Structures are given as structure tokens and as C-alpha cells.
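Here is the structure we will look at.
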Amino acid sequence: MIITHLNGGLGNQMFQYAAGRCLAYSHNTDLKLDITQYQLDKLRDYGLSVFNITENIASAIDLDRVCRPLVWNIKHPLEAVKFGIRQNIPVRFVKERHFHFDPEILALPDNVYLEGYWQSEKYFAEIADIICKEFSFVNPPSISNQEIIEEMEGCNSVSLHVRRGDYVTNPKIMKTHGVLGIEYYRWALNFIEKKVIKPHIFVFSDDIQWAMENLKTDLPLHFIDHNGGEKNYEDLRLMSNCQYHIIANSSFSWWGAWLSSKSEKIVIAPRRWFNKSNRDTRDLIPDSWIKK
């Protein structure tokens with residue numbers, strides 16, 4: 001049994017699921033999801049039920065088996081197997097030790113509890129086809145979203161994501177993440193215009209008013225503002241139906257681009273993902289994507 005700790009918004013949950021799913025697949029064992037964080041986090045909700053995943057929620061009995069380490073700052077992930085408050089409990093605690101890809105996570109034994117963000121496709125590249133299939137949607141799109149999908153299929157569609165929200169309103173989050181300047185989007189739009197014939201831009205944002213006021217281009221813009229926070233997965237579905245992508249420093253639009261199966265896909269991503277420079281993001285952006 002592999003248990004993965006879920007934390008944060010939908011994009012973060014998808015990374016956490018994917019890493020745990022790959023490790024569970026390698027051991028031919030069950031993946032269980034610890035969603036207890038959402039009893040405490042009133043700003044976020046567990047969101048993976050919208051996907052065709054293997055959804056096993058960890059029970060209180062499962063979580064009671066977790067052997068949490070005496071020290072949190074473990075120098076080596078496999079040392080988590082050795083340290084524990086109760087050595088007779090079989091599920092060992094492993095905490096992410098740095099942001100970039102750690103290949104030793106994929107070498108962990110069965111019966112571990114994973115806590116971290118695991119933001120690299122390298123944690124699940126081995127089962128990418130399975131992840132794509134399981135991150136398909138349980139329910140069909142609404143009529144309005146289906147109409148947009150059909151519009152996307154009839155043009156050279158480009159998803160453009162502006163992430164603001166708590167990146168702007170929460171000083172602590174702002175200090176960590178920061179927001180992308182309008183210069184990034186101008187450069188990306190100019191790049192797309194040079195590479196794509198008659199691109200049509202579909203704009204997604206948690207601050208659509210800011211996007212409408214600040215995105216200036218002669219290219220056709222379609223601002224997507226009808227799904228709202230409770231149905232943000234519908235925006236993710238729409239993003240994944242686009243041919244080209246301009247993503248924000250956001251795991252949400254990262255997945256919108258990654259899940260796109262369109263041929264000749266182009267993805268533009270910000271080189272600087274965080275305000276703070278102490279996180280090594282070398283493995284966050286896939287090699288085939290364009291960094292700016």
C-alpha cells in the first residue's frame with residue numbers, strides 16, 4: 001500500500017496523485033489518498049473525484065499505521081524507513097527533501113506514506129499513458145463548454161492562463177510565488193503569432209477582469225469566465241483541448257498543457273516559477289516546452 005498526502009489546489013493534488021500512482025504501480029499495490037488536510041484547509045477542496053482515477057481514500061486505520069519520523073528534516077529519503085515513533089507499524093513516512101526530481105523516490109519499497117509536491121513529470125513518466133487516461137473526466141462537459149470545445153477544434157486554439165488570486169491577495173504567498181508581469185504575456189503572444197497561422201486565444205484566469213484590462217493584442221481573444229472556482233476542472237478540460245499553450249507559474253495550467261494530446265503542441269512556460277531563488281525548478285518544465 002502506498003499512501004499519498006494531498007495538499008493544495010487541484011493542480012497540486014494531480015501531481016501528488018501521479019507520483020503516488022507510479023510508485024504503487026511499480027509494486028502492483030493500492031494507492032490510497034490522505035485527504036485529511038481538507039478538514040483543516042477551508043480555502044481548498046479535495047477535487048480528484050472529477051477524474052477517472054482509482055480513488056481509494058485512506059481510512060483512519062490506514063493512517064494510524066503510518067510511522068512518522070522523529071525528525072522531519074531527513075537527509076536521505078530512504079532513512080525515513082528507519083526512523084519512527086512506533087517501529088512495529090509497517091507504513092513508513094517519506095517527506096520530499098527538495099523541489100527538483102529525486103530518483104530515489106521511485107526506488108522506495110512498498111508500504112510508504114508520501115508527503116510532498118512532486119512537481120515533475122519524471123515522477124510518473126513511466127506510466128504517462130495511465131495518468132492521461134485516469135485524468136480523463138467522469139462526466140461530459142456542459143452544453144456551453146462543449147460549444148467552446150467545438151470552437152477550439154475549429155481553429156488554431158491557444159490557452160492562456162493568468163494566475164493571480166491569492167498570489168496577489170496573500171502577502172506570504174505573494175512573497176513565495178509572485179505574479180507574472182504583462183511582459184511575459186506580450187512576448188508569448190508575439191511568439192505564438194509568428195509560429196501559428198491565425199491563432200485564437202482562449203483566456204483563463206482567477207482574475208478575468210485584470211486579464212481583460214491588461215491583455216492587449218490584435219489577435220482574437222475569448223475570455224472564459226463562466227465556470228467559476230467550484231467548476232475549475234471545466235477550465236482544465238478546456239485548456240487541455242487547445243493546440244497551443246501559454247501557461248502561468250501555476251500547477252493548474254501546467255496540467256492543462258500537459259494533458260493536451262494535440263499534435264505539434266507548443267507550450268510556453270515561465271522560466272522563473274517562484275520569487276524565491278532557493279528552489280531548484282530544473283525538472284518542473286518538460287524539455288520540449290519553451291521557457292521564457
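Bear in mind that the values in this text are calculations on the coordinates, not laboratory data. Note that the structure is predicted; figures quoted are calculated from it, not measured. Note that each Cβ is placed from the backbone with ideal geometry, even for glycine, and that neighbours are counted across all protein chains shown.
Within the set of other residues whose C-beta is less than 15 Å from the C-beta of Ile3, count the net charge using Lys and Arg as +1 and Asp and Glu as -1. If you can, show how the numbers build up before the last one.
Values: positive: Arg21, Lys32, Arg65, Arg68, Arg92, Lys95; negative: Asp30, Asp34, Glu55, Asp62, Asp64, Glu96, Asp110, Glu115.
Surrounding charge for Ile3 is -2.
Which one of His226, Phe124, Phe137 has its Cα pushed farthest toward the positive end of the charge dipole of the chain, where Lys and Arg give +1 and Asp and Glu give -1 at the Cβ?
Selected residue: Phe124.
Quick check: net charge around Val267, other residues with Cβ under 14 Å of its Cβ, Lys/Arg +1 and Asp/Glu -1? Please list the in-between numbers first.
Values: positive: Lys195, Lys262, Lys265, Arg271, Lys291, Lys292; negative: Glu121, Glu264, Asp287.
After counting each charged neighbour, the total is +3.
Could you work out the relative contact order of region 143-291, using alpha carbon pairs under 8 angstrom and six or more residues apart, expressed as a whole percent? The partial results should precede the final answer.
Numbers: 226 pairs, mean separation 40.5, N = 149.
Reported as a whole number, the value is 27 percent.
Give me a comma-separated list of calculated 3J(HN,Hα) values for region 217-233, in order, Karplus coefficients 6.51, -1.76, 1.60 applied at θ = phi - 60°, integers in Hz, x for any Gly or Pro.
With coefficients 6.51, -1.76 and 1.60, one gets 7, 7, 6, x, 10, 10, 8, 8, 9, 9, 7, x, x, 5, 10, 4, 4 Hz.
Could you work out the relative contact order of the chain? I mean the mean sequence separation of Cα pairs under 8 Å and 6+ apart, divided by the number of residues, in percent.
Details: 509 pairs, mean separation 52.0, N = 292.
Computed value for the chain: 18 percent relative contact order.
Treating each Cα of region 97-155 as an identical point scatterer and ignoring solvent, apply the Debye formula and state log10 I(q)/I(0) at q = 0.18, 0.21, 0.24, 0.26 Å⁻¹.
One equal scatterer on each Cα of region 97-155 leads to -0.80, -0.91, -1.06, -1.15.
If one computes the Cα centroid of region 141-159 and of region 185-255, what distance in Å separates the two points?
13 Å
Which whole-Hz ³J(HN,Hα) couplings does region 134-141 yield from phi under the Karplus relation 6.51 cos²θ - 1.76 cosθ + 1.60, θ = phi - 60°, glycine and proline marked x?
Using θ = phi - 60°, the values come out as 6, 8, 7, 9, 5, 9, x, x Hz.
Taking H placed 1.01 Å from N in the peptide plane, check which residues at least 5 places from Cys67 or on another chain put their amide H under 5 Å from its amide H.
For Cys67, whose amide H was placed from the backbone, the distant partners under 5 Å are Val91, Arg92, Phe93.
Quick check on the chain: of the DSSP beta bridges with both residues there, what percent are antiparallel, nearest 5%? Walk me through the intermediate numbers first.
Numbers: 1 of 34 bridges.
Restricted to the chain, the bridges split so that about 5 percent are antiparallel.
Give the shape of the chain as rounded, prolate or oblate, defined through the alpha-carbon gyration tensor: a ≥ b ≥ c are the square roots of its eigenvalues, a/c under 1.5 means rounded, and otherwise the shape is prolate if a/b is larger than b/c and oblate if not. Don't skip to the answer; put the middle values down first.
On the way: a/c = 2.01, a/b = 1.77, b/c = 1.13.
Prolate.
Report the antiparallel proportion of the DSSP beta bridges in region 143-291 as a percent, rounded to a multiple of 5.
On the way: 0 of 19 bridges.
Roughly 0 percent of the beta bridges in region 143-291 run antiparallel, per DSSP.
So who's got an amide H within less than 5 Å of the one on Ile246, skipping anything under 5 residues away but keeping other chains? H placed 1.01 Å off N, in plane.
Under 5 Å from the amide H of Ile246 lie the amide H atoms of Ser159, Leu160, His161, Ile268, each far enough along the sequence or on another chain.
Could you tell me what fraction of 2.2 N^0.38 Å the Cα radius of gyration of region 143-291 comes to, as a two-decimal ratio?
On the way: Rg = 14.6 Å, N = 149, 2.2 N^0.38 = 14.7 Å.
Rg over 2.2 N^0.38 Å, computed on Cα atoms: 0.99.
Using θ = phi - 60° and the Karplus relation 6.51 cos²θ - 1.76 cosθ + 1.60, list the HN-Hα couplings for region 95-106 in order, rounded to whole Hz, with x at every Gly or Pro.
My calculation for region 95-106 gives 10, 4, 9, 7, 6, 6, 4, 10, x, 6, 5, 6 Hz in order.
Cα centroids of region 1-71 and region 103-130: how far apart, whole angstrom?
Their Cα centres are 12 Å away from one another.
Net charge around Leu219, counting only other residues with Cβ within less than 13 Å of its Cβ (Lys, Arg = +1; Asp, Glu = -1)? It would help to have the intermediate numbers written out before the result.
Values: positive: Arg186, Lys194, Lys195, Lys198, Lys216; negative: Glu193, Asp218.
That sum, taken over residues with Cβ under 13 Å, equals +3.
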